[in-house]
Each structure stands twice: as structure tokens, then as C-alpha cells.
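Every number in this text was worked out from the coordinates using simple rules, so none of it is lab data. Being a predicted model, the structure only gives us computed values, none of them experimental. Positions of Cβ are generated from backbone atoms using ideal geometry, with glycine treated the same way; all protein chains shown enter the neighbour counts.
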């Protein structure tokens, strides 16, 4: 009698072998109630409800923007509530999700809501917009948009596709440059929008010009560094990630935004009250410190540091 024992079948290789977790994902039956995105759906549902309730509780006279804001909150709330039911109600769960960890229906819903909230945030929180005097509406709109993007990114991770992590892993500073790009774009756009709605007279225009200028410069320099990280030859030939040029650009932006927060957020300044311009200016300011702090770690292993023969462990402020 043979001692041969039949070996268990070997699972086929993952179609995404380079994606983190693609080979180690558990193979047991999937329980949708344990989805990591369920908490995201709860948050989207709650924040959308706050948007809807905040608008109904205002004394703003009827207008197309008021109607749009009510629609934005109620539609997002309805989609999020359906998604929650699809995760926890057995009959709905079987139809909408089944055994998939990243169902296509959920991807379609999250993609739609991402675009929906990007447009809604731009309109609702703009200067002179409906959220100007309603902080509940302002913060809940931003919360709904941010959580939607996070949930969509989590779907990509679960599905084994490209996610945000795959676009920020080339450099410790890269994620900070993405934040700088987005925040600078908000500074530029908010200042331009505020200028168009207030139309200041006389010397007051200088603050708007400065805000638009530093936002534009921040976007341009951030885009340069991001493209250099992806080895765009025309840029990477002179701007090596982790090199001293990147550090110089970081200190340049720091100087611009030090002046920016002093000028723009001073008493009676154009960004003195809570709003997109106020918050984005401070985000850019603190983000420059994040970049500078992360730069040293990258510089220790870049060809630039080896070529220049610098011992970065022993550098001090005078060396920089």
C-alpha cells in the first residue's frame, strides 16, 4: 500500500504580483460586514446628512445654489445609505456584493461620489458661497469629499490595482509634494475666486496678486519635483529627488509662505476668516517643514549625495 498522499491544489498566482497584499490576501469566504470601507460609508452618510440638515436649517433665501446644495447632500446620503444596506442586509448583500471583496458596483458608486463632491466642494465652499457663514456645512462638505477619496483608494488596494501608495513610494518627500500641489492650487483658485467676487479697489489688489502668485509658484515647483520622481528626462536631468535643488525649492517655498501667512491671514486680511484660502495657506506653510524634514532621509541614499561626496550625517546648518 502506497504512502503517497494527495497534495492540496496550489492556488494560481496573483495577476498583480507586485501589489502589496495580492499574494497574502486571505482565501476564506468574504463577509461584507467586515469590509474596511464600511466605516467610510458610515462617515459619508453622516457627513452628507449634516450637509443636508445644515442647509435646511439656514435662513438663506431660496436660490439655485441652495437647491444644488440640498441635492448634493441628499443624493450622497442616499447612495451611502444604500451602500451600507448592501453590506449588512443579507438579501441586498448577495445581489450587490456577493463574494467579491471589491465589487464593481461599489467602485462605480465611489467614483461617482468622488467627482460629485469635488464639484460640490468647489461650489459650496467658494468665496461668498453658501458655506461662508455655516461652518457645519463647510466642514461636513470637506469631510464627505475626503472620506470618499480615501474609500476609493481603499477599493483599489483591496482589488489589487494601482492605488495612491504606488504613486508616492519613490521618495519620502513625494507625498508632501502632492499635498503642496493640491494646497497651492486651492490657494491660487481661492484667491482668484475671492478677487472676482469682491473686486477690490486701489492698493488692496496687491494681496490678491501675491496670493495668486505664490499659489501658482507652489503648483509649478511641486509639479516639477513630482515629474522628476517619475524620471521625466527633461526635468530629472537637473532636478534629482533628494538632491540639493529639491532642498533649495523647499526653502524658497517656505520663504514665500512665511510671508504669505503673515500678509494674507493678518487682521482684516483677505484670508483672515476661516475658509479655503485661510486653511490652504497654513497647510502650505507647514507642508514645507514636512518636506524639509523628509528630505534628509532621501538625500542619504541618492546618487546626488554620493556624487557631491557629502556626509549628510555630519551636516549642520552651516553646511546647508
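Quick rundown of the values:
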quantity: FRET E, pair residue 293, residue 272, Förster distance 25 Å, beta-carbon r, rounded to 0.05; calculated: 0.30
quantity: Potential lengthening between residue 234 and residue 196 on full extension [0.36 nm per residue; Cα-Cα distance subtracted]; calculated: 10.1 nm
quantity: Label-point separation, residue 70 to residue 107 (7 Å along Cα→Cβ), nm; calculated: 3.6
quantity: Extended-chain gain in nm, criterion 0.36 nm per residue less alpha-carbon gap, residue 245 and residue 81; calculated: 54.1 nm
quantity: Förster radius 35 Å - calculated FRET efficiency between residue 132 and residue 89, Cβ distance, rounded to 0.05; calculated: 0.30
quantity: Length added when fully stretched, residue 258-residue 58, from 0.36 nm per residue minus Cα-Cα; calculated: 68.3 nm
quantity: Three-way shape call for region 174-307 based on the alpha-carbon gyration tensor, with the a/c threshold at 1.5; calculated: prolate
quantity: Relative contact order [Cα under 8 Å, 6+ residues apart], region 32-162, whole percent; calculated: 35
quantity: Cα shape, region 122-196, gyration tensor, a/c 1.5 rule; calculated: oblate
quantity: Cα gyration tensor shape of region 32-162, rounded if a/c is under 1.5, else prolate or oblate by comparing a/b with b/c; calculated: prolate
